[in-house]
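Here's the structure we're looking at; comments come further down.
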Amino acid sequence: MQKTSQKISETGFGKYYSYSNKSKTQRIAIGISSIPISGLGQVINGETSKGIAFFLATLLNIACYFARNRRNKIAHLIMALGLKAWSAIDAYKRS
């Protein structure tokens, strides 16, 4: 593990990526936690403001859906799935 850390720091990638000591199972669980509630994985990772932003974006999407009298169902569904996927992937990568 130490050789990997040294290689990362020598190449300069360490400042762009955060590597943790969590197991892969823990990282997957954190990523999956963002699927039912967008932003939950970010809150678990300690990135509370980012988690709140994901949650508010999801609420805004839902509010826009109902404000437009439930038109454009496919567009709102794609947006909701995109937000959930983005939240889950970000939580997994940042854990």
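List, please: which pairs have Cβ atoms under 6 Å, are six or more places apart or on different chains, and start with a residue in the range 57-76 that is under 22 Å from LEU40 (Cα atoms) and end with one that is of a type in the set (Gly, Ala, Ser) and surrounded by 10 or more Cβ atoms within 10 Å (Cβ to Cβ)?
Hits for this filter: THR58/SER38; ASN61/ALA80.
Which one is surrounded by the most Cβ atoms within 10 Å (Cβ to Cβ) among residues in the range 60-83 that are modelled with pLDDT under 90 and basic (Lys, Arg)? Break it down stepwise before answering.
Narrowing the range 60-83 to residues modelled with pLDDT under 90: 68-72.
With basic (Lys, Arg) added as a condition, the list becomes 68, 70-71.
Values: ARG68: 12, ARG70: 9, ARG71: 9.
Among them, the one singled out is ARG68.
From SER49, SER95, which residue is crowded, with 18+ Cβ neighbours inside 10 Å, modelled with pLDDT of 85 or more and hydroxyl-bearing (Ser, Thr, Tyr)?
Exactly one residue qualifies, and that residue is SER95.
The values are calculated or read from the model by the stated rules, or taken from the named source; none is laboratory data. Quantities reported herein were computed from a predicted structural model and do not represent experimental measurements. Because the Cβ atoms are built from the backbone with ideal geometry, glycine has one as well, and the counts that use them run over all protein chains shown.
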